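Report on the following structure.
The values are calculated or read from the model by the stated rules, or taken from the named source; none is laboratory data. It should be emphasised that the depicted structure is a prediction, and the values quoted were computed from it without experimental measurement. Here Cβ is always computed from backbone atoms with ideal geometry, including for glycine, and neighbour counts include all displayed protein chains. For accessibility, only protein heavy atoms count, side chains too; no ligands or nucleic acids. Shrake-Rupley method; radii C 1.70, N 1.55, O 1.52, S 1.80 Å.
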Number of protein chains: 2
Amino acid sequence: MSVTAAKGFRAAGVTAGLKPSGKPDVALVVNDGPGTAAAAVYTSNRCKANPVLWSEVASADGVVRAVVLNSGGANCYTGPAGFAVTHASAELVARVVGVDAGDVVVCSTGLIGQPLDQPLLEAGIESAAAALAADGGPAAATAIMTTDTVAKETVQAGNGWVVGGMAKGAGMLAPALATMLVVLSTDADVDAAQCDAALRAATRVTFDRLDSDGCQSTNDTVLLMASGASGVRPDADAFTAAVTAVCHDLAQQLMRDAEGADHDIAIEVVHAATEDEAVEVARSVARSNLFKAAVFGRDANWGRVLAAVGTTSAAFDPSVLDVAMNGVWIARDGGPGDSRDGIDLEGRDVHVLIDLKEGDATATVWTNDLTHAYVHENSAYST
Amino acid sequence: MSVTAAKGFRAAGVTAGLKPSGKPDVALVVNDGPGTAAAAVYTSNRCKANPVLWSEVASADGVVRAVVLNSGGANCYTGPAGFAVTHASAELVARVVGVDAGDVVVCSTGLIGQPLDQPLLEAGIESAAAALAADGGPAAATAIMTTDTVAKETVQAGNGWVVGGMAKGAGMLAPALATMLVVLSTDADVDAAQCDAALRAATRVTFDRLDSDGCQSTNDTVLLMASGASGVRPDADAFTAAVTAVCHDLAQQLMRDAEGADHDIAIEVVHAATEDEAVEVARSVARSNLFKAAVFGRDANWGRVLAAVGTTSAAFDPSVLDVAMNGVWIARDGGPGDSRDGIDLEGRDVHVLIDLKEGDATATVWTNDLTHAYVHENSAYST
């Protein structure tokens with residue numbers, strides 16, 4: 001049910017013909033209210049795609065009534081003509097759904113630098129509007145897939161309300177081929193400020209800490225819409241927890257579907273002086289191609305972990321650092337620890353634990369290994 | 001002749017048995033003076049190898065009489081016992097060459113986290129001392145190779161003096177498997193301050209702008225020794241220019257021998273507001289796995305260039321950015337430019353030109369593509 005699990009939402013996914021494969025490529029999600037509260041976060045990349053430029057303005061007032069998403073083209077670096085296509089999409093959605101264009105968010109994903117086919121897209125929007133249904137979540141989740149191998153949906157139940165969501169992306173806020181698009185919906189009775197607070201708290205510890213390949217997309221969008229249809233006003237902490245759980249689950253699904261990846265790697269830093277420093281250290285390891293290639297080779301190469309830690313500005317003493325992989329403390333006090341022979345890296349999950357021995361802060365960043373398949377997929381994409 | 005091109009230097013390279021391959025693995029370079037001036041730069045990684053910890057202290061006074069280098073083991077993360085091996089090496093060099101141990105720099109390269117065989121290393125040092133010769137530069141350059149496929153040497157002539165050098169590394173200050181070790185020698189009559197100024201100016205625009213894979217080694221060392229044996233005091237600008245030319249040539253040799261690389265990529269940023277911002281933008285592109293994989297695939301994917309530029313804090317307007325690849329302006333004003341069909345990426349050299357249209361500063365960063373061979377070499381190294 002995902003994005004239509006919450007009362008007050010309808011969705012649809014249709015085939016507009018934007019994708020050469022002929023698979024579904026236009027999704028529409030509508031909030032029928034009675035509430036209209038919303039919040040969104042967008043890519044921090046300064047070279048933003050046209051739909052992001054549009055949507056940042058559309059969602060700024062905390063009111064979103066509908067979101068239209070297309071795969072088959074990112075509409076990025078397509079200039080003023082591309083922005084006009086985004087604008088026209090919003091206007092058409094507004095007309096067929098009966099809302100203001102300024103309350104319509106637009107998301108696109110696919111190849112960049114190529115114009116979207118406006119007539120095909122507009123026909124798709126008309127079809128999607130006609131297909132809107134209270135059980136349309138799965139169809140919408142399917143229509144936003146690009147290189148995703150599975151549709152990504154989740155639901156979290158509150159006390160009389162739910163939060164549901166769908167995502168696409170084979171990577172993350174630093175995705176591989178693929179932009180990350182996430183639409184969340186809730187029937188909790190919350191205002192825009194509550195949506196914003198919950199969404200920012202949730203993304204900070206979930207999507208923002210998923211770093212598949214260090215490359216940040218131009219189109220990333222996470223949108224939360226609240227219909228209030230349950231009539232229940234949730235406790236703020238409970239609402240934030242539910243939104244966070246939904247984001248965490250979707251983020252983990254993104255990681256497990258990362259293009260070409262052989263391993264999912266959780267890099268946990270403990271006893272850091274601050275949470276920011278814990279994130280800095282974990283992210284540095286997550287971005288080490290040498291370390292990621294070693295994991296692909298089932299090589300518990302803790303020296304490459306320490307080398308990555310050493311490039312950060314976090315507080316730590318190199319001579320006392322400890323590192324464990326999958327439970328074995330292979331580095332102690334900056335030197336060799338227990339034998340690496342006991343470490344099995346055949347499984348999909350790898351856990352790296354880094355003890356900075358400085359303070360009480362902790363953080364985990366998730367990444368994938370660097371594989372032949374990653375190089376293949378990303379060298380052969382547009383050609 | 002390389003490191004023995006300058007008068008006043010002797011060198012040797014011998015086989016100590018540190019490498020399973022049985023190839024030469026210990027090099028020694030001695031400055032016979034009359035001058036003893038020197039300068040060095042070391043990795044900024046905070047997890048430094050034992051030889052770096054030693055050498056930083058040894059070279060701090062601007063006097064270096066000899067440098068001993070070994071391949072077959074990095075002596076990094078080997079704890080106090082590893083430091084003792086480095087210390088003993090310096091003491092032994094001092095004894096057999098007849099200098100103070102505090103004037104001996106030690107460099108090591110190879111696997112990290114494994115102890116060096118001290119008896120083998122010491123026997124190698126004795127052999128190297130016995131083999132020291134005024135034409136020993138090539139033998140020394142060969143003995144420091146690890147995954148290098150060719151020895152790297154260069155000479156630059158001044159007016160009555162020369163600067164020569166040798167390097168090892170299949171990568172850079174951000175090397176792949178391999179640490180970068182560089183020894184430069186000159187017979188110019190310069191003091192330690194002149195050495196330091198010239199070396200810092202040279203490395204800033206050469207080795208510091210070579211970014212093969214973004215991973216910084218724990219052992220990187222660049223050492224310049226001056227014998228003064230020519231009796232000629234060079235003009236400071238001419239000396240800096242010669243040291244820079246030597247560093248540039250060695251850096252280019254490192255790039256061309258980068259592990260698994262298919263392409264050498266020069267990323268040139270023009271019309272930046274500041275040189276630092278030009279470097280930031282170029283380095284961001286150099287570290288984009290997506291872009292580097294695209295180059296491997298002969299795909300002129302300018303969108304990935306813009307996406308990488310967009311993650312920086314440099315001053316620029318995304319709507320006016322221009323990007324050229326191998327002379328074709330494929331992106332103009334943040335959108336599509338000339339057809340990519342005219343771009344041939346079959347050759348080894350790729351030139352990316354990014355016009356920020358902000359100011360007058362420029363910088364070039366060199367990198368390599370991301371290939372199957374890179375993943376293979378770095379996933380199969382220690383296992």
Charge dipole magnitude, Cβ of K and R +1, D and E -1 - region A:2-256, Cα centre, debye nearest 20
380
Filter A:Lys23/A:Lys168; B:Lys19/B:Lys48; A:Lys357/B:Lys48 down to the pairs with a C-alpha to C-alpha distance above 20 Å, please.
B:Lys19/B:Lys48
If you average 1/r over all unlike Cα pairs in region A:2-256 and invert the result, what Kirkwood radius do you get in angstrom?
17.2
About the Cα centre, charge dipole magnitude for region A:264-379 (Lys/Arg +1, Asp/Glu -1 at Cβ), debye:
380
On the formula 1/(1 + (r/R0)^6), with r taken between the Cβ atoms of A:Ala84 and A:Glu56 and R0 of 25 Å, the FRET efficiency rounded to 0.05 is 0.90
Enumerate the residues in region A:180-198 having an amide nitrogen under 20 Å from the point lying 7 Å beyond the Cα of A:Asp100 toward its Cβ.
A:190-196
Over chain B, what is the relative contact order in percent, taking alpha-carbon pairs closer than 8 angstrom and at least six residues apart?
18
Using a 1.4 angstrom probe on heavy atoms only, work out the carbon and sulfur share of the accessible area of the protein assembly as shown in %.
51
Could I get the Rg over Rh figure for region B:159-276? Both from C-alpha atoms, Rh via Kirkwood, rounded to two places.
1.01
Signed unit charges on C-beta, dipole axis of region A:288-383, positive-most listed residue A:Thr311, A:His351, A:Ala373
A:Ala373
Ordering of B:327-336, A:71-80 by packing [mean C-beta count within 10 Å, highest first]
A:71-80, B:327-336
If you project the alpha carbons of the protein assembly as shown onto their three principal axes, what span does each projection cover, largest first, in Å?
89, 54, 38
Virtual paramagnetic centre 7 Å along Cα→Cβ of A:Ala123, amide N under 13 Å, in region A:1-45:
A:15-19
Whichever lysines have a C-alpha closer than 21 Å to that of A:Lys7, once near sequence neighbours (fewer than 8 apart) are set aside:
A:Lys152
B versus A: buried accessible surface, summed, Å² (probe 1.4 Å, to nearest 100)
3800
At R0 = 22 Å, how high is the FRET efficiency between B:Thr149 and B:Ala380 if r is their beta carbon distance? Nearest 0.05 is fine.
0.85
Grab the DSSP H runs of chain B that are 4 residues or longer, score each as -39,500 (n - 2.57), total them, divide by all residues and round the 222 nm result to the nearest 500 deg cm²/dmol.
-9500 deg cm²/dmol
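Give the accessible surface of chain A per residue, rounded to a whole number of Å², with probe radius 1.4 Å and ligands, DNA and RNA excluded.
Each residue of chain A exposes 32 Å² on average to a 1.4 Å probe.
Averaged across orientations, what area in nm² does the convex hull of the alpha carbons in region A:264-379 project?
That works out to 6.6 nm².
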